[in-house]
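The values are calculated or read from the model by the stated rules, or taken from the named source; none is laboratory data. None of the values given here were measured: they were computed from a predicted structure. Ideal geometry is used to build each Cβ from the backbone, glycine not excepted, and the neighbour counts take in all protein chains shown. The protein model used for the area step is the full one, side chains on, heavy atoms only, and it has no ligands, DNA or RNA in it. Shrake-Rupley method; radii C 1.70, N 1.55, O 1.52, S 1.80 Å.
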4 protein chains.
Amino acid sequence: MMPSARRPRSHRSEFGPDSPILKQPVAAGLTNVGLMKALVYHGPGQKAWEDVPDATISEPTDVVVKIDTTTICGTDLHILHGDVPAVTDGRILGHEAVGTVTEVGDAVKGFSVGDRVLVPAITKCGRCEYCQRNMPSHCQTVGGIGWIFGHLIDGTQAESVRVPYADTSLYAVPANVTNEQAIFLADSLPTGYEVGVLAGKVRPGDTVAVVGAGAVGLSAILTTGLWGASRVIAVDTNKFRLDKAREFGATDTVEAGDNTTAEVLDLTGGAGVDVSIEAVGYPETLLTAASLVRPGGTIANIGVHGVPVSLPMQDMWIQNVTLTMGLVDTVSIPTLLKMVASGRIPAEKMGTHSFTFAQMDEAYDVFKNAAENSALKVVITPG
Amino acid sequence: MMPSARRPRSHRSEFGPDSPILKQPVAAGLTNVGLMKALVYHGPGQKAWEDVPDATISEPTDVVVKIDTTTICGTDLHILHGDVPAVTDGRILGHEAVGTVTEVGDAVKGFSVGDRVLVPAITKCGRCEYCQRNMPSHCQTVGGIGWIFGHLIDGTQAESVRVPYADTSLYAVPANVTNEQAIFLADSLPTGYEVGVLAGKVRPGDTVAVVGAGAVGLSAILTTGLWGASRVIAVDTNKFRLDKAREFGATDTVEAGDNTTAEVLDLTGGAGVDVSIEAVGYPETLLTAASLVRPGGTIANIGVHGVPVSLPMQDMWIQNVTLTMGLVDTVSIPTLLKMVASGRIPAEKMGTHSFTFAQMDEAYDVFKNAAENSALKVVITPG
Amino acid sequence: MMPSARRPRSHRSEFGPDSPILKQPVAAGLTNVGLMKALVYHGPGQKAWEDVPDATISEPTDVVVKIDTTTICGTDLHILHGDVPAVTDGRILGHEAVGTVTEVGDAVKGFSVGDRVLVPAITKCGRCEYCQRNMPSHCQTVGGIGWIFGHLIDGTQAESVRVPYADTSLYAVPANVTNEQAIFLADSLPTGYEVGVLAGKVRPGDTVAVVGAGAVGLSAILTTGLWGASRVIAVDTNKFRLDKAREFGATDTVEAGDNTTAEVLDLTGGAGVDVSIEAVGYPETLLTAASLVRPGGTIANIGVHGVPVSLPMQDMWIQNVTLTMGLVDTVSIPTLLKMVASGRIPAEKMGTHSFTFAQMDEAYDVFKNAAENSALKVVITPG
Amino acid sequence: MMPSARRPRSHRSEFGPDSPILKQPVAAGLTNVGLMKALVYHGPGQKAWEDVPDATISEPTDVVVKIDTTTICGTDLHILHGDVPAVTDGRILGHEAVGTVTEVGDAVKGFSVGDRVLVPAITKCGRCEYCQRNMPSHCQTVGGIGWIFGHLIDGTQAESVRVPYADTSLYAVPANVTNEQAIFLADSLPTGYEVGVLAGKVRPGDTVAVVGAGAVGLSAILTTGLWGASRVIAVDTNKFRLDKAREFGATDTVEAGDNTTAEVLDLTGGAGVDVSIEAVGYPETLLTAASLVRPGGTIANIGVHGVPVSLPMQDMWIQNVTLTMGLVDTVSIPTLLKMVASGRIPAEKMGTHSFTFAQMDEAYDVFKNAAENSALKVVITPG
């Protein structure tokens, strides 16, 4: 969801407890409902792979999806850190999945039992002003923010998940795209692509810098080619990530340090880059990204920030630069699926480690120290 | 040039004293050259309408223009304040003019003696990378910044001015556009339009807020209609300016104060505006502008800033907003000339007071206290 | 729907009789269902205002709307001419309405009984590939073409109408927009705006020619200002329409004849127009429109054609022109509603004559000879 | 210049014999001027590699370039066929070159003697309305059409060439781009890219068809990747060209024949392609291209047509398609140079055969029967 999320907030919208879409289906009596396993949050630092009631249809626009592949996002770590107060005790975590439809609400027309589907991080009602603007990140119907799985409703690190507004939210997975490829299109690849490459307006011939080569920064690097970048400069402190950056399409790498700005400018003959993508979320990294861009260029902030950033507007105002930021919409998934299907984006390279549901704790441990473990993203399957 | 300019700087470019375009033509002997009157800067707080050598051709791409109409910009006040160190003792001030071509360099093909022309604030070589990108604000040939009149070379508050790169910089004035209209297309109208309306990506149906209704903010208001804004909300502390704002096309006005944000949001039913234009240049006004915008909207900063601005990125990152800023390019002048010619932009309304060259001091006095004097822009002619 | 429609066809899609959305609800027994009045097509030249079963909910995504205002479109005349074979005996005509919701399907969330709504010409499922591309004109779910009212399902010239996919198709009408304004946003205004102004890429300062000043051509003229056209040249053979064109925003008018091209070019100093909009639908009018455009300009065809057009590609290939065409999507309705609400588009001017349901025949008679009757569009109400 | 050019025409502009830029420098006496070799046109079917006066500076904005590499274009063949009446007896042919600056006019600032430069097919004054719109294909200063070399002034199939408006027309060649790469950026690659890929608005994930896989069609194929095409379908009758198409990036090939449309539609599951590029220039090939596109897609015509094309507007009007066409502007050269320099476009693959100046006749013979000779473009050097 968010490269290093802290405090996701809805925008000028009080997220009322009576929004029907967020209502947990009340089981008339647990004897009628089966049980499944899921990763449940129990307050800061507390999680357990435990029995919970099966996911079931609650609204006619819902489907239930059996999870075949899921993964962990940096945001899940932040939730466990207690940084996302909207996530409360008892919530099933996770907002990324590939799975199989097992139950379909009466009003659902586009999906049937047995369909292999991608469950994206963002839920889209399809009719509110923001969905009509192609900005489900701020879907008004689901509470002003489109990210609800593992946040405001139960998530995807489970045997099954209830998916609201299935017709407009789910994506069918083409036969020639594997689960191990599709899983990274649920959140990380669209985030790097939409909030980095698209918002940054990368255009043919451009030189792009990417500050931070974790999973999201690498996703940006992997998709700069969709808009014809001629050079891609990756900046990070970690050698493994810089190596991966080259593998993912970077033409140059710079080890982050005191001379980062000078080294990047040097690579561009002093001119600065056309697009500078920030994929970390700290004031220093945003200021570094801002220092790299040429007049008229764009600084695309993907990082999730926890504190204000003091922007040197006395120097920047005259540079004709643009600063963009935002939550992913996941509306680029159809495009990315086509690129994976035609072999032009090797999405599977994002998955460095595999685990089963039973190894959920190990998966979290490896991902928590991703850089040390030479990990990018983990692939988790029923096993 | 700049709504409340402080420290214009070239971008990563050492502005060498040997750039040929900046060389003052060396008069072989003053006996050969006539004298003209001009407003000369003599250090902070010091200026004089005095005799100087006539403007003459220095390069084959130059023309000389006799000034028929000029005006004063907020930037000229900042220069007099000592805020722009690049302006040194002896410099003729001013960067806006309408006049008549009196002399033409050998390589100039597009203009002839007698042509009525608009001299814009920005000089454009037409061949450097930035001019080819339509960004002469950062023309590399003239030193990395396109604003050179009354800054790096002698300016337009004079009887005549030398105009470098005339073929690509000057604009012919159509017969049905008066000098009193055209003069405001030299800088203030393009600034409000390009840095506010264009950078802010105003689109049909949009609601736009303009924070600061001075000459540049009003220029933005006057041109929001070119992109079909449905509602325009002007924000200022000054009643005269808010009245003018309505006259220039604002549908709503808000007196700036403690409740500005709440009042503007209220006018939009809590939704926020699509585009929020800042036309002042202080941290508070930029933060106010930022507080008004809906998710996915744009904050277009026109103001010239003197200090950093602490941006609440912890709240903003998730809003999918864009922040733009920059120096005017004046490349919208052909469009604006057409709109004035067809009667759709009443540019002459920007001129509230008229003076002759002999009244240059009075003109500065009135403009210095524009709000109190119910002044927007002054029109200065030979008399 | 179509300025002078002949043969609307779905695109590579066999429109199966078993598409659930097109199924007429089968009344279990007519005794259970009330009767209403409606204008029913009975083959070429045959229509009657007669009793039919009430409109009722058929799918959970439907609503029923009581018609408060409707109108007639040129397409309705073509249907009566027998030009649209997909329209069969028994079909209720009409595809434009403003009305009141009287019944709501179970899956509808965005509308309630009593809501005042605009029923647009195009139905939008909201989830197929074309709806996701914002092109419901080719909605795959409703058969490959989004125009179904009065064509593939019963229409709006009736006391009530069943509206499929209500959540994504209907628009709430703001309190300060009247029925007499909103009715023209169902089809004619969006057609002129989307297929003419938007497809033609009118931009600030542009000169636009509109060939044909009937209801759709005038709709284009009325909306050129949303994109800042500086000059608008209307071309027609009819003086009443040319007068209306000036009232709707044209700056120049040209009486169509042998010298049309020469006269329009003359108005542009020989340069040609930036955008040339065709709103008639004949080979000659398209060739005239094509002859008016400057190199790099756009010819936006709105007209519905019945025969091939021999395009002089041997002359045109080198002109860098673009030719666009298409069916309306009606996705600009939210924008147009805002412009009407803020008083910037006087949509009500399109209605020149008013009739009651009981006068349906007179309404058709007047509209059939619109030019002679100095009519643009008719407004039809229950009375 | 043109894939199969017939009759290039200026647009509403009488190309006067007194345009200074077209004046041949009058040698005061041939004794003062040296001689060089050049390929001279002597009427239909007649050409000779013969002695002519050296190229010399005529205007202060000229430079002289010694030719190091040139090539032949399909347009040159059309000229020899007598299809371009504007080319008269005595004209030196050719409009593509890489060379070395040997002489510089007084007003030229951007180039010096010894610079390695690309001489593009299009000459750009840089100041007329069309050059300011980035459309030098219609540069008004050089006569309304930017293609003048080997057409209205002497061309590049010579030992030297005079280049007007050098500052705005020439491009410096980066050190890591070879002559054998750069030569194809003078005309064919920009033509395929600008008139095919850019005009067609290829976007990430798109499926693109290219009808005609000669040098220009292959140039389009080679550059579809700059905008992220997921699939590229090449259509041609020639097996060698289809093989080359795959080598240049096509994912699928279709041998042109009676079932072309059906086969291409089949490859897209019946949906049609997003962008259909025509690179031949006949009615049938344009109609084939038009038959392949999905609703809302673009048909980008690159072909040069000699006769009208009967467009089935009765079927097309409702498809929301766009048809584009035009002469190359060569303004994409900076972008293409960056892509070649970074190794992302292997431009050198376009050159299949090499010749010396002395072998000019053989070069023409091979190129005249390109398909039979398995030739794409020829590379010609002094030897």
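Structure notes:
- Residues of region D:149-163 satisfying the condition of being crowded, with 24+ Cβ neighbours inside 10 Å and among the hydrophobic types (A, V, I, L, M, F, W, C): D:PHE149, D:ALA158, D:VAL161, D:VAL163
- One residue stands out among those in region C:320-366 that are over 22 Å from C:THR381 (Cα atoms) and touching a His at 6+ places or on another chain (Cβ under 8 Å): the one that is least open to solvent (accessible area, probe 1.4 Å), which is C:LEU327.
- The single condition from (1) within 11 Å of chain C (Cβ to nearest Cβ); (2) at negative phi; (3) touching a residue at least 60 places away in the same chain (Cβ under 8 Å) that D:THR288 fails is (1).
- Taking every residue in region C:164-182 that is more than 14 Å from chain A (Cβ to nearest Cβ) and pairing it with any residue that is of a type outside the set (S, T, N, Q) and part of a loop (DSSP other than H, G, I, E, B), at least 6 positions away or on another chain, the pairs with Cβ-Cβ distances below 6 Å are C:ALA182/C:VAL173.
- Looking only at residues in region D:321-344 that are assigned to a loop (DSSP other than H, G, I, E, B) and under 15 Å from the mean Cα position of the chain (by Cα), the one that is farthest from the other protein chains (Cβ to nearest Cβ) is D:THR330.
- Residue list for region A:170-194, restricted to those being in a helix (DSSP H, G or I) and out of contact with any Asp or Glu (no Cβ under 7 Å at 6 or more places or on another chain): A:ALA182, A:PHE184, A:LEU185, A:SER188, A:LEU189, A:PRO190, A:THR191, A:GLY192, A:TYR193
- Of all residues in region C:83-93, at least one satisfies being surrounded by fewer than 16 Cβ atoms within 10 Å (Cβ to Cβ) and polar (S, T, N, Q).
- Residue in region A:209-217 that is under 19 Å from D:LEU226 (Cα atoms), of a type in the set (Gly, Ala, Ser) and within 12 Å of another protein chain (Cβ to nearest Cβ) present: no
- Checking each residue in region A:31-85 for being acidic (Asp, Glu) and more than 23 Å from the chain's Cα centre (by Cα) picks out A:GLU50, A:ASP51, A:ASP54, A:GLU59.
- Residue in region B:108-122 that is nearest to B:TYR171 (Cα to Cα), counting only those that are open to solvent by 10 Å² or more (accessible area, probe 1.4 Å) and small (Gly, Ala, Ser): B:GLY110
- Considering region A:220-258, the residues that are over 19 Å from D:SER230 (Cβ atoms), of a type in the set (Ser, Thr, Tyr) and within 14 Å of chain D (Cβ to nearest Cβ) include one that is surrounded by the most Cβ atoms within 10 Å (Cβ to Cβ), namely A:SER230.
- Of all residues in region B:59-80 being at pLDDT 95 or above and assigned to a loop (DSSP other than H, G, I, E, B), the one that is nearest to D:PRO60 (Cα to Cα): B:ASP62
- Of all residues in region D:345-369, those satisfying the criterion of being away from every other protein chain (no Cβ under 14 Å) and among the hydrophobic types (A, V, I, L, M, F, W, C) are D:MET350, D:PHE355, D:PHE357, D:ALA358, D:MET360, D:ALA363, D:VAL366, D:PHE367.
- A:PRO85 vs. criteria in the same structural domain as A:VAL340 (by TED's automatic domain parsing) and touching a helix residue (DSSP H, G or I) at 6+ places or on another chain (Cβ under 9 Å): no
- Residue among B:GLY105, B:GLY114, B:GLY43 that is closer than 30 Å to B:ALA371 by Cα and of a type outside the set (S, T, N, Q): B:GLY43
- Summed over region C:47-82, the residues that are touching a residue at least 24 places away in the same chain (Cβ under 8 Å) and either open to solvent by 40 Å² or more (accessible area, probe 1.4 Å) or within 22 Å of C:VAL366 (Cα to Cα) (or both) give a count of 25.
- Just one of the numbered conditions (1) within 12 Å of another protein chain (Cβ to nearest Cβ); (2) open to solvent by 40 Å² or more (accessible area, probe 1.4 Å); (3) touching a residue at least 60 places away in the same chain (Cβ under 8 Å) is not true of A:MET135: (2).
- Going through (1) touching a residue at least 40 places away in the same chain (Cβ under 8 Å); (2) open to solvent by less than 30 Å² (accessible area, probe 1.4 Å); (3) more than 10 Å from chain B (Cβ to nearest Cβ) one by one, A:GLY297 falls short only on (1).
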